[in-house]
Amino acid sequence: MGMAMNWRTYCLVIAGFAAVSAAKAQAQDEITEVIYVVTSRLQSTPRNQVYDILTIPESDLGLYSGLAAALSEVPDLYVQSPGGRSGFASVFLSGADPNFTAVLLDGVPLNDPTNSRGGAVNVAEIESETFSRVDIADGALSSLYGSGALAGAINLIVPAGSPSPAARGVLGIGDQQDYLAFARLSGPLSANYGSSLALSLADDGEGEGGASFKAQSATVKLAPLQSTDSGSVLLRVSHTEANAFPDASGGDQFAVYRELEHRDSKQSLIGASYPLIFASGLRLDLRASALHSNSETDSPGVAPSALDPFGIPAGSDDSTYTRLLAQALATKNLAAWQVLLGLEHQGESGDSEGELIFFGTPIPNRFELDRATTSAFAEASRSKENWLLNLSARFDEVEDLGTHVTGRAGVRYQVPDSNLSLRAAISTGFKAPSLYALGNPFVGNPDLEPETSRAWRAGVEWTASADSVLTVSVFQTRYTDLIDFEPGPPPRLENRARVISEGVSARYAFALGASVSGSVYLQYADTRDRPSDNLLNDRPSWRAGAMLRWLPSPTVTITGRHAYIGERNGVSIPTGAVTLAEFHTLGLDVAWRLRPETVLRLSMDNVLDSEFEHAVGFTSPGRWIRMTISRDF
């Protein structure tokens, strides 16, 4: 009851905080545009900073049925989507575990550490149309975001308002009884302040074995028209329902129990930033956010097999998680340096109540944990002639887990009189054990140590023109004290010694005249448990892809996409360990501009109707055809 009251009180404080921010923003005519990217808290742009960032622009996000599909064609990032959007879509960033990637909404973390996946975010639940861009950064980012960003971060950027009223509507239907609807309203609230409202509705129809997915969301952002960050207010609520075969069940091909697992997830978020001081090159921002998640799961379990005589018991779970976050950030220009100092306090509360069914008898499965983290951090950036330098460090005091210091350093050098630049970065990260890993009465372990990482990445970038860029990078990340399930007896989560992920990635974006553009990428990532030298499950060593866009006329755009996923190890209780075959997919999108403000789009996924498995026994979606019409007002 106390935490619930704190949650409501915190929301009221942020709402008042937002109102003051809005009033002040109207008086700040002198504020210039401030752009932030996922790899820095300082002013920057994706092209003018030290670290390598992958960005999906709004124009490309509209090609996909959801965020998971959009991320699946990004270099360095593999998305495992068993059962399509009905399953849990896991992100493997350069071979790292899914819960090692922080997923952010305008910088506010969405990860929920009460789930059994260590806090990994199900990106299948998130739509793609709402956002103006998505930034993806590889490498340990704990010096920016604290616990959680062991492998990197994905930041979803919500567009602010517009100087004049505008609206956009999208309606779509598919051949799998699926449909989507999206609407966005934006415009000014005053001479200096604007807002945007996005509403999204999706139903993916009926998949293999009766799998289904439905989602609704509403996202509101208020911000000064002169800035994408200063004085902003962010609100979001979302609700998803899904029915799918449980993990490790063997999917629609091998599952013995044919009843589906039901998941019902709700999430709400409120955040605000308040520009307190602008004077003599000093900027002081106050930021606060509150995240509240509730997830209900009802699972039939997984039948025992010759390889696993116990299987996974049936059960239900109702989990609630609340995160309250407050920050103060001071930025100052000192000669050639831009410097930031910050303080942060985070309070987490997790409550999970359910039961597992053993031999027909329900056994309670409940835990409740709170955790507080206090942090101090600093970042500095300098540009001189052909050099760019960025440094950051962070100190985190985690309740009952001690202190952790993380850091990062990156440099970029532009070779004089050439189109070639060189990049290098080193970083460290840590992740506190999830509340589930610490508190679950059956497999939890209160003695778990935080997981840590050390990463380096180096690369070259050749820029032939603004539209033609070649990037090649090599990387290595060492993870220690990884948390993994040990079957026992007794079965429980334990820290594992060491895992190393290393490899190389390359991508080339190009333009051939005004009517043809495209990109290609290739990634090799080798992720192994070093004591045994075994490859980790569910992540391919090789990935490749290509996109080609052709404008045969001013009103028609044709986009083709190809993706290759190499072999990877998988496991299910009915089959045991298996090697999943490599596969190719091909997508096609034809957009016809009927009028300047109206676009009719025909999209096809898996054009060749290829058969493949993202996870053992989960049949791939067949050829998927959908038609959408969008109109700008």
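For the range 355-400, residues that are among the small types (Gly, Ala, Ser) and surrounded by 19 or more Cβ atoms within 10 Å (Cβ to Cβ) total 3.
If we scan the range 151-161, do we find a residue that is under 18 Å from the mean Cα position of the chain (by Cα), of a type in the set (Gly, Ala, Ser) and closer than 21 Å to Gly231 by Cα? No, that holds for no residue. Scanning the range 247-302 for residues that are among the basic types (Lys, Arg), surrounded by fewer than 17 Cβ atoms within 10 Å (Cβ to Cβ) and in a strand (DSSP E or B) turns up just one, Lys266. The lone criterion from (1) at pLDDT below 90; (2) closer than 30 Å to Gly429 by Cβ; (3) surrounded by fewer than 19 Cβ atoms within 10 Å (Cβ to Cβ) left unmet by Thr228 is number (3). For the range 261-309, the set of residues classified as of a type in the set (Lys, Arg) and out of contact with any Asp or Glu (no Cβ under 8 Å at 6 or more places or on another chain) consists of Lys266, Arg283, Arg287, listed by residue number.
For Asp529, are the conditions met, namely being among the acidic types (Asp, Glu), under 24 Å from Ile426 (Cβ atoms), modelled with pLDDT under 95 and under 26 Å from the mean Cα position of the chain (by Cα)? Taking the combined requirement at face value, the residue satisfies it.
All conditions but one from (1) in a strand (DSSP E or B); (2) under 27 Å from Ile53 (Cβ atoms); (3) within 25 Å of the chain's Cα centre (by Cα) apply to Gly194; the one that does not is (3). Checked against the criterion of being of a type in the set (D, E, K, R) and surrounded by fewer than 17 Cβ atoms within 10 Å (Cβ to Cβ), the range 309-327 has at least one qualifying residue. Among the residues making up the range 447-504, those that are over 20 Å from Pro433 (Cα atoms), outside any strand (DSSP E or B) and more than 27 Å from the chain's Cα centre (by Cα) are Ala466, Pro489. So, in the range 575-621, how many residues would count as being touching a residue at least 60 places away in the same chain (Cβ under 8 Å), of a type in the set (Ser, Thr, Tyr) and surrounded by fewer than 18 Cβ atoms within 10 Å (Cβ to Cβ)? Count: 1. When Gly444, Gly410, Gly429 are screened for being buried (at least 17 other Cβ atoms within 10 Å of the Cβ) and assigned to a loop (DSSP other than H, G, I, E, B), only Gly444 passes. The set of residues in the range 63-89 that are touching a helix residue (DSSP H, G or I) at 6+ places or on another chain (Cβ under 7 Å) and not in a loop (DSSP other than H, G, I, E, B) comprises Leu67, Ala68, Ala70, Leu71, Leu77, Val79, Arg85.
To keep it simple, each residue is scored yes or no on (1) touching a strand residue (DSSP E or B) at 6+ places or on another chain (Cβ under 8 Å); (2) closer than 23 Å to Gln49 by Cβ.
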residue: Ala279; (1), (2): no, no
residue: Arg287; (1), (2): yes, yes
residue: Thr297; (1), (2): yes, no
residue: Pro300; (1), (2): yes, no
residue: Pro304; (1), (2): no, no
residue: Pro309; (1), (2): no, no
residue: Ser316; (1), (2): yes, no
residue: Thr331; (1), (2): yes, yes
residue: Gly342; (1), (2): yes, yes
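Scanning the range 325-371 for residues being among the aromatic types (Phe, Trp, Tyr) and within 25 Å of Glu397 (Cα to Cα) gives a total of 1. Is it the case that some residue within the range 168-182 is under 14 Å from Phe633 (Cα atoms), in a strand (DSSP E or B) and without any contact (Cβ under 8 Å) to a residue 40 or more places away in the chain? Within the range 168-182 (the criterion being under 14 Å from Phe633 (Cα atoms), in a strand (DSSP E or B) and without any contact (Cβ under 8 Å) to a residue 40 or more places away in the chain), the answer is no, since none of the residues qualifies.
Of the strands (runs of 3 or more DSSP E) lying entirely inside the range 575-617, the ones with 3 or more residues being in contact with a Lys or Arg (Cβ under 9 Å, 6 or more places away or on another chain) are found at 583-595, 598-605. When Ser630, Ser553 are screened for being free of Cβ contacts under 8 Å to residues at least 40 places away in the same chain, hydroxyl-bearing (Ser, Thr, Tyr) and on the phi < 0 side of the Ramachandran plot, only Ser553 passes. Out of the residues in the range 511-532 that are within 30 Å of Thr559 (Cα to Cα) and in contact with an Asp or Glu (Cβ under 7 Å, 6 or more places away or on another chain), which is surrounded by the fewest Cβ atoms within 10 Å (Cβ to Cβ)? Residue satisfying both the conditions and the ranking: Ala511. Residue count for the range 383-402 under the criterion of being within 28 Å of Thr452 (Cα to Cα) and in a strand (DSSP E or B): the result is 12. Asp481 meets the conditions (1) surrounded by 14 or more Cβ atoms within 10 Å (Cβ to Cβ); (2) on the phi > 0 side of the Ramachandran plot; (3) in contact (Cβ under 8 Å) with a residue 60 or more places away in the chain in every case but one. The failed one is (3).
Filtering the range 148-167 to residues that are more than 25 Å from Gly84 (Cβ to Cβ), assigned to a loop (DSSP other than H, G, I, E, B) and hydrophobic (A, V, I, L, M, F, W, C) leaves Ala149, Leu150, Val158, Ala160.
The values are calculated or read from the model by the stated rules, or taken from the named source; none is laboratory data. Not measured: the values here are computed from a predicted model. Counting neighbours? That spans all protein chains shown, and the Cβs are built from the backbone with ideal geometry, glycine included.
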